[in-house]
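What follows is a single structure, written as structure tokens, with notes after it.
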Amino acid sequence: MQEIISIKKLNKGFLQATGERLEILRNLDFVVKENSFVSIIGHSGSGKSTLLHMLGLLDEPCSVDEWKLCGSKIEQMSLAERTRFRGEKLGFIFQFHQLLPEFTALQNVMLPMRIMGVSQTAAKKRAMELLSKVFSTEEMDNKVYARREAQLSGGQCQRVAIARALANDPPLIFADEPTGSLDPESAVKVMEILKALPAEGKAVVMITHQMELAAEADHIYALLAGQLVDKTSDIKQRLSGTPKKSKERHCPICQDGILLDEIEYQKGVLIDQCPQCNGVWLDKGELEMVSINVDAFCDEVENIAFELRNTK
Amino acid sequence: MLSKREIISISFKLAGWRYALLIFFAIALTIGLLLFTQGLLKGYEHELVSKIIGGSPHVSIKFSQQLDEQQANQLSADLEQRGKLQFTAKGLVYSGTADIFSDQAFDDNWVGTSRKSQSPEIVFKGMQYTEAYVQYLSKILISFEAQAKDKNQNNEDDLAAIKALYIEQADRKAWDAHLQYRKPIAFPPSLYRELLNPYAFYASYPYLRLTEAEKNFGIQAKALAQQKIEFVVVASLDMPLSDETISIVSAYETIKYLINGTAQGDDFYNYIELYLTDPMQATSIAKVLRKQLGEQATISVWSDKYVSELALITAFNVLLYSVMLGIGISIGLLLSSLLGITVRRKSRQIAVLLAMGSGQRLIVEIFIYYSLFIGFIAYWGGVIIASGLSYGLSYFVNAQATAFNDYPLLQLLQIQLQGVPQVQTMGLLQSSIILIVVLIICFISAYQPAKKGANINPIEGLK
């Protein structure tokens, strides 16, 4: 299978109000194959949404070595080309559906197609097809598609949002916590639709807080200290009840969160991060350090790594 | 791509109908009032100009030397052959003094108190016999006839005689027999309403039956001095007194004394008036005549004498357009503010559109089309409002004026009669310019908020 997302050494940071620079994504590498379902987990503020915005061409990285989506080099595209690319090749599903409340469900689904130049008739036909996939027969009979956001339930809105994301038949779908605002029953329905998409030739990148939902994906990545770490086997094993091979430790800061496996942040420097309190933990035998400030921590790690290299 | 109709539909869904209605009414009322007031001014101008060109010579040629009758006739004939002329009128000048104290009989016939006036040079404007004038007088007389019975018993013969006289069908005998019909009636300029009195004869020009006077009494005036004769002088008094113009009072006086032989002086011609088929060409024709006649004559056109009146109209127009432009700018600021609010309120929707692949251009178009569409529709709303106001004004305020529709020249006086002119329809060019100005204001007003909307960061908008 070909790579539909290929990102190498992506960096993104923001200048804070205090004047300090906050690095969110650090030398991030990310590859997604066609027809795959990838989920990204991470604590609040870890940079999940920032990464998704970057992937969705809504934001610009500070630096990147390679930035390819659907085989196209993004860094070579103009703003207008990226806009067009976003409309044609990418589909977005937001946490709060983000339907246009002034439009009916049908019009919401038709709109992306009309923007991309699909004729009125063809757009309506496709919108109805998509809506009939996300709505039950009963709902279609009740003409739910003719209702506006205010007349739809949260789950129905999110299903309309999925239909809208699929409107232009994009090969790549980004879902930013698509079930975050839904009740469990609606969340299940939405996840069923999303899980079926790879079989239809689409790659799905989903961001979520919930490990149970993340586990539905083929690949699970955790965003730790600005980098993506493959946690597929770890999380799947944990959720399947299989005893964890490696030691499982509670976060020394909050004493509540269970630390994920360490990642090698620098050569010889293993770090771990608590998904609960966002604390970062460095395990280096005799040197143990915790911090809730990732940036300060990373600066400190630079020094430690330097010490370690010198020691060796 | 989205069609313009869809973009407008999206814009109305985003910005809402409440703002649209507010802006629509603001623009429509402004345009309506502008068109109505402008129409009113245009009507006033039209009536004023009509009155001026109907009551003034279009081009006046005043010669530096005196012409005798033969020379004047020759010159008139030459000018008339050039075309573009309806007719010419020769100005007969009586140079002398009308000694009003010499004839006590004058007092018996004079109506008014200005009999002591003396004119060192009195100009008669010879009436030109035209079909239009005959028709006009006939109508006046018929109207008069209907009313006259109340106060003038057994006057039908008199009326018929006068009518015949004015259409120049009467012979001297019939005229003589009935000339004592009525005293001359003079009206001061401020009392135009008096002109509605059916017992008054008037015209928009101090037509004087000088031809008749000369024919019947001119040379033989002295012989008839003892005969008591009254003239019916048809004139209006809106002409300013000048060396070229004579009021009805002095005209009457002079005739009286010409006839009675008490006036002393000489008659001569020294100017010719031209009445053009198109009075608006007066300036260009005057220019040609100036070149041809050089220093032999001084040439003036009708608009020269009414510069202040015409300038007043222009000043009113400038004032009107300035005020309306100010209101237009205010509406533009209102529109801009409302769209700015809309952009802030709908930043999430705009961000969603951008995330779905809308270019910045589409976002700009949404707000620009919204504004232009409202401006365009509101313009026509304004046209309807202006039409309604104009119709209402014509229907209610000018209702009485319709009673005089049969009097073509009386129509010229309706400004004074009613105080409110007829509203004139604005020309295509002028209304197109107003429409373009409205659209420009709408475009400029919408541009800034539209750009602001287009520059919304979708990430911020989606938060």
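The values are calculated or read from the model by the stated rules, or taken from the named source; none is laboratory data. Just so we're clear, the structure is a prediction, and the values are computed from it rather than from any experiment. Here the Cβ positions follow ideal geometry from the backbone for every residue, glycine too, while neighbour counts run over all protein chains shown. Heads up: the accessible areas ignore ligands, DNA and RNA and are worked out on the full protein's heavy atoms, side chains in. Shrake-Rupley method; radii C 1.70, N 1.55, O 1.52, S 1.80 Å.
Would you confirm whether any residue within the stretch B:299-318 is open to solvent by less than 70 Å² (accessible area, probe 1.4 Å), farther than 30 Å from B:Met426 by Cα, at pLDDT below 85 and assigned to a helix (DSSP H, G or I)?
No, that holds for no residue.
Which of the residues that make up the stretch A:53-72 are away from every other protein chain (no Cβ under 11 Å) and among the acidic types (Asp, Glu)?
Hits for the stretch A:53-72 are A:Asp65, A:Glu66.
Restrict the check to the stretch B:60-72 and report whether at least one residue is charged (D, E, K, R), modelled with pLDDT under 75, part of a helix (DSSP H, G or I) and in contact with a strand residue (DSSP E or B) (Cβ under 7 Å, 6 or more places away or on another chain).
Yes, the stretch B:60-72 contains at least one residue that is charged (D, E, K, R), modelled with pLDDT under 75, part of a helix (DSSP H, G or I) and in contact with a strand residue (DSSP E or B) (Cβ under 7 Å, 6 or more places away or on another chain).
Residue under question is B:Ile363, and the condition is that it be open to solvent by less than 50 Å² (accessible area, probe 1.4 Å) and over 28 Å from A:Gly91 (Cβ atoms); does it hold? Can you show your working first?
Details: open to solvent by less than 50 Å² (accessible area, probe 1.4 Å): yes; over 28 Å from A:Gly91 (Cβ atoms): no.
No, not satisfied.
Just to be sure before I move on: is B:Leu354 within 30 Å of B:Thr37 (Cβ to Cβ) and surrounded by 24 or more Cβ atoms within 10 Å (Cβ to Cβ) in the structure I sent? Outline the logic, then answer.
Numbers: within 30 Å of B:Thr37 (Cβ to Cβ): no; surrounded by 24 or more Cβ atoms within 10 Å (Cβ to Cβ): yes.
Here the answer is no, as B:Leu354 does not meet what is asked.
Looking at (1) out of contact with any His (no Cβ under 9 Å at 6 or more places or on another chain); (2) within 14 Å of chain B (Cβ to nearest Cβ), can you tell me which one A:Asn35 breaks?
(2)
Does the stretch A:190-211 hold any residues that are free of Cβ contacts under 8 Å to residues at least 40 places away in the same chain and open to solvent by less than 10 Å² (accessible area, probe 1.4 Å), and which are they?
If the condition is that a residue be free of Cβ contacts under 8 Å to residues at least 40 places away in the same chain and open to solvent by less than 10 Å² (accessible area, probe 1.4 Å), then A:Val190, A:Met191 are the ones that fit.
Of the conditions (1) under 30 Å from B:Lys4 (Cα atoms); (2) more than 10 Å from chain B (Cβ to nearest Cβ); (3) open to solvent by 20 Å² or more (accessible area, probe 1.4 Å); (4) modelled with pLDDT under 90, A:Gly45 satisfies every one except a single condition; which number is it?
So A:Gly45 meets the others, but not (1).
Go through (1) over 12 Å from B:Ala355 (Cα atoms); (2) out of contact with any Lys or Arg (no Cβ under 6 Å at 6 or more places or on another chain) for A:Arg82 and report which single condition fails.
Of (1) over 12 Å from B:Ala355 (Cα atoms); (2) out of contact with any Lys or Arg (no Cβ under 6 Å at 6 or more places or on another chain), only one is false for A:Arg82: (1).
Got a number for residues in the stretch B:364-373 being more than 12 Å from every other protein chain (Cβ to nearest Cβ) and either in contact with a Leu (Cβ under 8 Å, 6 or more places away or on another chain) or without any contact (Cβ under 8 Å) to a residue 60 or more places away in the chain (or both)?
Keep residues of the stretch B:364-373 that are more than 12 Å from every other protein chain (Cβ to nearest Cβ), which gives B:364, B:367-373.
From what is left, the residues that are either in contact with a Leu (Cβ under 8 Å, 6 or more places away or on another chain) or without any contact (Cβ under 8 Å) to a residue 60 or more places away in the chain (or both) are B:367, B:370-372.
Looking only at that region, the number is 4.
For (1) more than 14 Å from chain A (Cβ to nearest Cβ); (2) at positive phi; (3) among the polar types (S, T, N, Q), each residue gets a yes or a no:
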| site | (1), (2), (3) |
| --- | --- |
| B:Ile7 | no, no, no |
| B:Gly16 | no, yes, no |
| B:Ile23 | yes, no, no |
| B:Ala28 | yes, no, no |
| B:Phe36 | yes, no, no |
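For the structure I just gave you, tell me whether A:Ala187 is under 22 Å from A:Ser153 (Cβ atoms) and either surrounded by 23 or more Cβ atoms within 10 Å (Cβ to Cβ) or over 16 Å from the mean Cα position of the chain (by Cα) (or both).
Yes, satisfied.
Exactly one of (1) out of contact with any Cys (no Cβ under 7 Å at 6 or more places or on another chain); (2) open to solvent by 20 Å² or more (accessible area, probe 1.4 Å) is unmet by A:Ala127. Its number?
(2)
Consider B:Gly328 carefully, then state whether it is assigned to a helix (DSSP H, G or I) and under 22 Å from B:Cys442 (Cα atoms).
In short, yes.
Report the residue count in the stretch B:326-363 for those that are away from chain A (no Cβ under 13 Å) and within 23 Å of A:Gln107 (Cβ to Cβ).
Residues that pass the stated criteria total 2.
Give me the helices (runs of 4 or more DSSP H) completely within the stretch A:73-172, filtered to those with at least 3 residues that are closer than 27 Å to A:Phe37 by Cβ, among the small types (Gly, Ala, Ser) and away from chain B (no Cβ under 11 Å), ordered by residue number.
Details: elements: A:79-89, A:105-115, A:120-134, A:137-141, A:154-165.
In the stretch A:73-172, the matching helices (runs of 4 or more DSSP H) lie at A:154-165.
What number goes with the only condition from (1) over 26 Å from B:Gly357 (Cβ atoms); (2) open to solvent by less than 50 Å² (accessible area, probe 1.4 Å); (3) not β-branched (Val, Ile, Thr) that A:Leu57 does not pass?
If we test A:Leu57 against (1) over 26 Å from B:Gly357 (Cβ atoms); (2) open to solvent by less than 50 Å² (accessible area, probe 1.4 Å); (3) not β-branched (Val, Ile, Thr), just (1) comes out false.
Among the residues of the stretch B:440-463, which ones are of a type in the set (S, T, N, Q), open to solvent by 80 Å² or more (accessible area, probe 1.4 Å) and within 14 Å of chain A (Cβ to nearest Cβ)?
If we filter the stretch B:440-463 for residues that are of a type in the set (S, T, N, Q), which is where we start, we get B:445, B:448, B:455, B:457.
The next check asks that each one be open to solvent by 80 Å² or more (accessible area, probe 1.4 Å); those that pass are B:448, B:455.
Result: B:Asn455, single match.
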